[in-house]
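**Q** Sending over a structure as structure tokens; questions will come in a sec.
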Amino acid sequence: MAERIYMSSPDVTEREESAIIAAIRSGWIAPLGPDVDSFEQELAARLGVAYGVALSSGTAALHLGLLTLGVKPGDVVVTSTMTFAATTNAIVYTGAEPFFVDADLATGNMDPVLLRQALTSLREAGEEVAAIIPVDLLGKAVDYTAITAIAEEFSVPLLADAAESLGASHAGRAAGSFGRASVVSFNGNKIMTTSGGGMLLTDDEDLARRVRYLATQARQPVAHYEHTDVGYNYRMSNLLAALGRAQLSRLDEMIARRREMRELYKELFASVDGVEVFGAEGDENDNVWLTSILVDEERTGWTPSDLSAALAADDIESRPLWKPMHKQPVFAHLRGVINGASERLFERGLTLPSGSALTASQRARVVDRIHDFLRER
Ligand SMILES: *Cc1c(COP(=O)(O)O)cnc(C)c1O
């Protein structure tokens, strides 16, 4: 049988290999070093932000972002229900209560109308909303123009979860540069990877300094390790930052390759009644991290799981969209403003192989299997 084709596997080359070897030979292993500083500066410069703090994961960046915004037990943090669990988990780590907002059907991103509704009802109930975390779903930036205006109107700080949208933009500004701070992820399946890692980006010098301090065990600057705060061990190692710098130098090339795959799918499904490529409209400013299709079973006569099973039979990976957080057993008891949009996307969606490391023959195999499936229907 042919080798397995993954949805989004790491795309590493000899450039990454040389960067890691050079970092090891430099002796900066324990664990911070010059590659961490350079990686922070290079990514912050690319995104047009003053400060970057490289961390062990995107989840760690969300956690420390919330703590430095002053989020504490008993607060409410308003967030997207259409996301990966890490966003909600980070809120729970702080002792605050996540409050979900449903999605805009066309993009899957937080619906500004529902956000306003959520903030209005929470304010009327006299509840303290400590932060808002919108999520740039699958590499399409949130409507930050609308969301930022609402956050300002209600005087609530915005922490942007840009874990999936590195390289995307909104209104000429880079994803990862919005809000009081933004968070990106370099997990293995993301658009670029450090094996595992993340970064918090901000223009606020004090906030960046505080995140750096909390991420390195909250050590006071004295020899005997004095502590006045509970700290975390959340910093990125120098070896992984070297990998990150090599990946960052290839980011545009990797986005271009994902876009080629997106265009292949658009062509493939253009004439299929009842199938649309999710978020394809206005995707020129997206990083097209993952390409998903939405299937209207009444028109196609087949379901996303039918196609998924056909692909799996040839060892090709595909997956549903994120299952909304308000439907997750662990979070189902939490409150939110829910209108069914994200559930509908979850029911209809299927994410297809989208990675930049896909070879020409792997791409052709995916396209052929989908053709076969469509012909048999
Ligand atoms: C991947 C992801 C995260 C978490 O990032 P890690 O680096 O894996 O901790 C957070 N939010 C979203 C939306 C993600 O997709």
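**Q** Apply the Karplus curve 6.51 cos²θ - 1.76 cosθ + 1.60, θ = phi - 60°, to the phi angles in the stretch 138-151 and return the couplings in whole Hz, x for Gly and Pro.
**A** Karplus values, whole Hz, x for Gly and Pro: 6, x, 10, 5, 4, 6, 5, 4, 6, 5, 5, 4, 5, 4.
**Q** Moving on. Anyone know which of GLY167, GLY179, GLY274 comes out most mobile in the 10 Å Cα GNM of the chain?
**A** Checking each option, the largest mean-square fluctuation is seen for GLY274.
**Q** Quote the relative contact order of the stretch 251-376 in percent (integer), defining contacts as alpha-carbon pairs under 8 Å separated by 6+ residues.
**A** Rounded, it is 31 percent for the stretch 251-376.
**Q** Here's something else I'd like to know. Looking only at the chain, where both bridge partners belong to it, what percent of the DSSP beta bridges are antiparallel (to the nearest 5)?
**A** Bridges in the chain that DSSP calls antiparallel: roughly 55 percent.
**Q** Something else about it: Using a Gaussian network for the chain with springs between C-alpha atoms less than 10 Å apart, which of these wobbles most: PHE278, PHE269, PHE186?
**A** Ranking PHE278, PHE269, PHE186 by mean-square fluctuation puts PHE269 first.
**Q** Right, something else. Hey, could you get me the Stokes-Einstein D for the stretch 14-249, Kirkwood radius over alpha-carbon pairs, 25 °C and 0.890 mPa s, rounded to whole µm² s⁻¹?
**A** This corresponds to a translational diffusion coefficient of 136 µm²/s.
**Q** Which loop-located GluC sites (Glu not before Pro) does the stretch 1-109 contain, where loop means any DSSP state but H, G, I, E or B and the Cβ has at most 15 other Cβ atoms within 10 Å?
**A** Taking the stretch 1-109 and a limit of 15 other Cβ atoms within 10 Å, the loop GluC sites (Glu not before Pro) found are GLU3.
**Q** Still on this model: Of the listed peptides 29-38, 232-241, 289-298, what is their order by residue-averaged count of other C-beta atoms within 10 Å, with the highest listed first?
**A** Most protected by this proxy first, the peptides run 232-241, 289-298, 29-38.
**Q** Would you mind checking which residues have amide H under 5 Å from GLY336's amide H? H placed 1.01 Å from N; only 5 or more apart, or other chain.
**A** Distant-sequence amide H within range of GLY336: PHE100.
**Q** Taking springs between alpha-carbon atoms closer than 10 angstrom, which of GLY108, GLY48, GLY244 fluctuates most in the Gaussian network model of the chain?
**A** GLY48
**Q** Remind me, relative contact order of the stretch 41-176 in percent, using alpha carbon pairs under 8 angstrom and six or more residues apart?
**A** It comes to 23 percent, rounded to a whole number.
**Q** Which ³J(HN,Hα) values, rounded to whole Hz and listed in residue order, are derived for the stretch 6-17 from phi using the Karplus coefficients 6.51, -1.76 and 1.60 in 6.51 cos²θ - 1.76 cosθ + 1.60 with θ = phi - 60°, glycine and proline given as x?
**A** 8, 5, 7, 9, x, 10, 10, 10, 5, 4, 5, 4
**Q** Grab the chain and count how many Lys pairs have their alpha-carbon atoms under 23 Å apart, sequence gap of 8 or more, or different chains.
**A** Lysine pairs satisfying the spacing and distance rule in the chain number 6.
**Q** Could you pull the Cα extents of the stretch 251-376 along its three principal axes, largest to smallest, in whole Å?
**A** Principal-axis extents of the stretch 251-376 (Cα, largest first): 46, 38, 27 Å.
**Q** Pulled fully out, how much extra length does the chain show between GLU124 and GLU152, if you take 0.36 nm times their separation in residues and subtract their Cα-Cα distance?
**A** 8.4 nm
**Q** Work out how much length ASP372 to SER249 would gain on full extension: take 0.36 nm times their residue separation and subtract the Cα-Cα distance, in nm to one decimal.
**A** Stretched out fully, the ASP372 to SER249 stretch lengthens by 40.5 nm.
**Q** From the phi angles alone, apply the Karplus equation (6.51, -1.76, 1.60; θ = phi - 60°) to the stretch 310-315 and give each ³J(HN,Hα) in whole Hz, x where the residue is Gly or Pro.
**A** 5, 5, 4, 4, 10, 6
**Q** Would you work out the charge dipole size for the chain about its Cα centre, treating the Cβ of every Lys and Arg as +1 and the Cβ of every Asp and Glu as -1, and quote it to the nearest 20 debye?
**A** 720
**Q** Still on this structure, I have one more. Evaluate the relative contact order of the chain (contact order divided by residue number), counting alpha-carbon pairs under 8 angstrom at least 6 apart; express in whole percent.
**A** In percent, rounded to a whole number, it is 24.
Bear in mind that the values in this text are calculations on the coordinates, not laboratory data. Keep in mind it's a predicted model, so treat the numbers as computed, not measured. Cβ atoms come from the backbone with ideal geometry, glycine included; neighbour counts cover every protein chain shown.
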